[in-house]
Every structure is written in C-alpha cells, then in structure tokens.
Amino acid sequence: MVSSRSAAADRRYPARRHPARRWSLAARMAALVIVPSLLVMVLGGWWLRYEVHASLLASMSRTLEEKSERIHARLAWLADGRVQETAGGSDEFSAIFSGWYWQLQGQAPAQLRTAATPVVLARSRSLWDQPDLVLSPATLWGSERLQQALGPKQEPLLVQHFAVQLAAGTAPMYLQVFGPAQPLVASLRRIDQILATTCAVLLLVIGALVWLQLRVGLAPLTRLVEVIAGLGKPAEGAKPATEQIAQLPLGADLQPLQQELAALLARNTQVVERSRSHAADLNHALKKPLSLLVAHAGTGNAIPAAVVLQQTTAMARLIDRYQARTFSDATLVHGGGTGLPMDVLACSQQMLAMMRQLHQASDLDWRLLGEGTTLWWRGERADLEELLGNLLDNAGKWAASQVRLTVQGSSAQGLVLQIEDDGPGMTAEQMQAAGERGKRFDESVAGTGLGLAIAQHIVRGYGGQLQLRKSAALKGLLVRVEMAGVLA
C-alpha cells in the first residue's frame, strides 16, 4: 500500500529538472556574457538616443525662442485694439511658404491645446492666405516645450508658444513660432541609424570575442577530455594515465582538478594492482594445502580426517584473511590515512601475544619497545594486523632467540615500525629479491614466500616505504616500515 501511494505521488509530483543542467558549460558562459552585454547596450543605447534627441530638440527650442524675441520687438498694440507689425523686412517670415511662420493668439495656453478654432490676432506674411495653423495636442518625445503641427503644404512643423504682453493693462497673449521639422527629423533618423548600426556591430564583436574566449578558455578542458577518453584505448608505447594528465598544460586555475584526477587514477590503479596481487597470493597460498591433499589421495589410502581438517582449516583461514584485505582496500580509494584512528601499541601487543603462542615451541623472547606512550594511527586495523603478522611471523621463523618490535611515530615523522631478529639475516642480493612473490631462500622453513610481498603491497597502499637492513643490535635482519597518518 505504501509503495503504491509513493508511486502515485511520484506521478503527481514529477522530479524537477534544473534548467541549467541541460545547458553546456560553453552555453552558460556565453549567456553570462552576451545577456548582460545586450542589456547594457539596449539601456545605454536608449539613454544615449534620448539624450541626443533632447539636445537637438533643445537647440531647436532655443532657435525658436530667439526668433520669438525678434518678432515680439516688431509687434505693436494699436489704440483700436488691433496688433500690427511695425517694422517689416525680408526675412524667413516674409517669404511665402518658407516653412517659418508665427501666429499671435489671445487665449490661454490650455485653450491653445484644446480649442478647435483658436482666435488669431496676427500672423506672419509667409502664411499668405492659408488658414490658421493648428497644433497637435500630443507632446514631442524628448521635449516638453515643443509640439508638432502641419504647414500650409502639409509639411511637418515644430512649434513653441511664448507668453507676450504688447502694452500695459492688455490681456495676456501668446506668440506661436513655427519652424520646419524635416531637417531635424532627418538628423534624428540618421542618429538612430548610427546607434542601431553601432549596437549591431558591438554585438557581433562581443559574439566573436565570446567565441574566441570559449575556444581558447575551454581548450585545456578539451585536451583533458581527450586524454581521459583515450585512456580506454591506450596506444602502443603510451605513457601512463597519471603521467599524461600530470603533464597537461592546464594552467593554475585547473591545477587542483588536474591533481585530483591524477591522484584518483593513481589510487584506482593501485587498488587494481592490489586486487590482482590478492588473487595471485591466494592462488599461490592455496596450492600447498591442495597439493598435500592431492598427494595423500594419490597414495590410494584413505586420507586421515586430521589431515583433511588441518588443510581445510588452513584454506579457510587464508580465504578469510584475503577477504579482510580486499575489504580494507576500499579505504585506499580515498587515499591513505582516511580510516578510523586506532591504537598502534595495543594492536602491536595483541600481535606479539599471538606470535608467542604461534612460535611457542621456539622459546623466543618477544619484546615491544615504545610502551608507555599512546600512538594513534589513522588507517585500517586489518592492514596493520596483516603487516605486523607477516613481518613478525617471518622474524619468528628465522630468529635464534630474540625478536624485537620498535614502535615510534609523530604527526611530522609518521608511523615507524622496526622488526629485528637475531637470525642469520640476508645478503644484499637476497634483500633485493626478497620482495618477489613466492620467493623462498630455504625450503626447510615452513611458509609460502608471500610475507614480504604482502607487507610491501600494504605499505605502498598507504604511500609508505619498506626497507630491509642488517640489525646493528641483534645482528640479524631489520625490517623498517614508514607510513603517514599518525595523529598529533
């Protein structure tokens, strides 16, 4: 019932997909550049267009104002209440249909905008016998003082009215001065074309620069993708994957990503190598008990139950041990030193107690140096037990009377383990070949020849090192292990 309700809820409320996930990195980067640039160009172009229009219209308004002062100086108020132009002249207001006109009205500004047939007291000679000019009620964009009108030949005009008083005590009158709008309109249209062309060119330039930026800026990521894609089909004689990625010229910004990818591939390679080593070690270790059982079976006699139990128990222990080691390899995927903190001395004491029981017949003196101090190491307990078990067991097989385990470490120095014995030791050639899997120098001593090889793999998994030396104190073999991960 619960599952059916959950399915119904899923159908009613489908998972939302973030729109940005469907965009590529290049598309997001281009949008972040082009969209703000386009917004700035639109707003900036609109503001620049308004300012230029306002400037040109203001210039026209000043021209009309200058002409209105000249016209006002020529008008006179007669005794009979008529208005007369006292001084005539051959100017733009005298030539018929010149495009420059004026009208004197005796109504208020509100009536001038709304009256269908305003009362005209006087007008310029350039109007000749044409009807009085009528203004458009709408204001002009970019100017609050200028208005539009049509001339005697239906040509576009710009008009501005001015309050005048021809004589003391007379009612207020308003002088309307008209001028041709075509030159100004042509200039405004030319400016609009220049602004539009400039914005289009700038947009094309920005688009080209964005394309070039993406092509050059994403080139390192493209090379990285090509290298990663080529790892599945390595060419003959190609360099290792970690080396190829580490040598890519990605720059300082992508260097952390480059380092993390190289480290991840190195850890994955290490885990694969350890897994192969586990399989080879288990295969080699199981051969001895299986060979003994086959040998007993080949005699034709019944195999004693004690022999079967002993060898099967040994095989079960081997399988359990390698299963634990395989589980501990998961920690190495995240790098060495990521496990839970553990007490190294406590683990060492348990391993020495186990070795005393295992080699009880040899009557060896097992000593632990470094007791009394607390040393915490961040790693897998199974790996440390496997490491100490192999090295201590190997020392117990060859020691004459004494085995010494020294535990030291600090957060700066790391974990240092030294296992010494008073056995015959090894020659330089034997020390060099001791790490080979299955290599044995004395067949009379029980073992599989895997102890040092297993120990080396564990130490390398934690980025440490294992060294073989001659013990100065016990005159036998000294194995020194150094691993990072000690807590302060």
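The values are calculated or read from the model by the stated rules, or taken from the named source; none is laboratory data. Note that the coordinates shown come from a computational prediction; the quantities given were computed from them, not determined experimentally. All Cβ positions, even for glycine, are placed from backbone atoms using ideal geometry, and neighbour counts span all protein chains on display.
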Quick count over region 242-278, residues being closer than 30 Å to residue 308 by Cα and at pLDDT 75 or above, is 1
May I ask you to say which residue of 184, 204, 214 is closer than 30 Å to residue 151 by Cα, out of contact with any Ser or Thr (no Cβ under 7 Å at 6 or more places or on another chain) and among the aliphatic types (A, V, I, L, M)?
184
Answer with yes or no whether residue 190 is basic (Lys, Arg) and over 30 Å from residue 45 (Cα atoms).
no
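Can we say residue 453 is outside the structural domain of residue 374 (by TED's automatic domain parsing) and at pLDDT below 85? Please lay out each step first, then the result.
Numbers: outside the structural domain of residue 374 (by TED's automatic domain parsing): no; at pLDDT below 85: yes.
When the stated conditions are applied, residue 453 does not pass them.
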Of these, 436, 420, 385, which one is acidic (Asp, Glu) and modelled with pLDDT under 85?
436
When (1) within 28 Å of residue 54 (Cα to Cα); (2) modelled with pLDDT under 85; (3) not polar (S, T, N, Q) are applied to residue 116, the one that fails is (1)
Could you please let me know if residue 20 is under 60 Å from the mean Cα position of the chain (by Cα), at pLDDT 90 or above and not acidic (Asp, Glu)?
no
Regarding residue 172, is this residue surrounded by fewer than 18 Cβ atoms within 10 Å (Cβ to Cβ), under 59 Å from the mean Cα position of the chain (by Cα) and more than 23 Å from residue 95 (Cα to Cα)?
no
Applying the selection to region 139-158, what residues are in contact (Cβ under 8 Å) with a residue 40 or more places away in the chain and over 57 Å from the mean Cα position of the chain (by Cα)?
151, 152, 153, 155, 157, 158
In region 362-399, residue nearest to residue 274 (Cα to Cα) [restricted to those that are free of Cβ contacts under 8 Å to residues at least 60 places away in the same chain and assigned to a loop (DSSP other than H, G, I, E, B)]
380
Hits in region 456-488 (condition: at pLDDT below 85 and part of a strand (DSSP E or B)):
none
Tally up the residues in region 237-272 that are of a type in the set (S, T, N, Q), within 24 Å of the chain's Cα centre (by Cα) and crowded, with 17+ Cβ neighbours inside 10 Å, please.
3
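So which residues in region 373-393 are of a type outside the set (Gly, Ala, Ser) and surrounded by fewer than 23 Cβ atoms within 10 Å (Cβ to Cβ), if there are any at all?
Within region 373-393, 373, 374, 375, 376, 378, 381, 385, 386, 390, 393 qualify.
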Top-ranked residue in region 400-415 [being assigned to a strand (DSSP E or B) and either within 51 Å of the chain's Cα centre (by Cα) or not assigned by TED's automatic domain parsing to the domain that holds residue 367 (or both); ranked as surrounded by the most Cβ atoms within 10 Å (Cβ to Cβ)]:
415
